[in-house]
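Encoded as structure tokens, the structure appears first; notes follow it.
Taken together, the values in this text are just the output of simple stated rules run on the coordinates, not laboratory data. The structure presented is a predicted model; accordingly, all values stated were derived computationally and were not measured. Heads up, the Cβs are rebuilt from the backbone with ideal geometry, glycines too, and the neighbour counts pull from every protein chain shown.
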Amino acid sequence: MFSNSSKYALKAVLYLAVYSSESNKILAKNISEPINVPQAYIAKLLQELSRHNIVSSTRGPNGGFYINAQNREIPLIDIVSVIDGANRLNSCLLSVQNCNNEKPCPLHSFADPFRTDLINNLKKNTIGDMAKDIESGKSFLPL
């Protein structure tokens with residue numbers, strides 16, 4: 001359901017949420033290795049997220065990317081929407097054109113409840129919520 005770009009963006013944002021602050025900005029090249037994503041790719045994703053105010057950034061000496069208090073309140077769905085577009089999560093698992101409740105593909109009936117739950121959880125949970133889970137040990141992100 002998630003593109004590789006969305007997965008990489010989510011990992012990068014969560015890395016920033018745990019390890020960065022306004023006084024500790026992180027360069028894209030320093031995020032690349034811990035999350036195992038090519039530097040140019042993660043830089044492009046972070047720039048796009050910065051343009052949409054999902055992550056914060058500063059140019060120049062002591063510049064880099066970081067997560068501030070406002071960014072922490074952003075729901076995870078916003079990250080996926082910026083990177084993949086709003087319709088990616090609603091697309092058919094089999095890529096059947098015009099798959100919907102009235103004309104379902106063979107997987108639609110058991111995929112649709114999962115998709116609905118996933119979308120609702122992405123809307124409900126914020127960057128800050130996930131960072132707290134990582135920091136408390138409730139979940140982990142291999143970094």
On C-alpha positions alone, give me the angle between the axis of helix 127-136 and the longest principal axis of the chain, in degrees, nearest 10. 70 degrees
Sorted by chain and number, the residues with a modelled amide H under 5 Å from that of Ser21, at a separation of 5 or more or across chains, are Ile67
Taking R0 as 22 Å, what FRET efficiency do you get between Ser139 and Leu118 from their Cβ-Cβ distance, rounded to the nearest 0.05? 0.90
Which aspartates and glutamates have a Cα lying under 14 Å from the Cα of Lys7, excluding residues fewer than 8 positions away in the same chain? Asp78, Asp84
Under the Karplus curve 6.51 cos²θ - 1.76 cosθ + 1.60, θ = phi - 60°, whole-Hz ³J(HN,Hα) for region 44-54, x wherever Gly or Pro sits: 4, 5, 5, 5, 5, 5, 5, 4, 9, 6, 8
Under the Karplus relation with 6.51, -1.76 and 1.60 and θ = phi - 60°, whole-Hz ³J(HN,Hα) for region 36-43, x at Gly and Pro, equal 6, 9, x, 4, 5, 5, 5, 4
For a 24 Å ceiling on Cα separation, which of these pairs sit above it: Lys11/Lys132; Lys25/Lys123; Lys103/Lys123? Lys25/Lys123; Lys103/Lys123
Put +1 on the Cβ of every Lys and Arg and -1 on every Asp and Glu Cβ in the chain; which of Tyr15, Ala40, Ile134 then has its Cα farthest towards the positive end of the dipole? Ala40
Mind checking which of Ala86, Ala12, Ala111 has the largest fluctuation in a GNM of the chain, springs on alpha carbons under 10 Å? Ala111
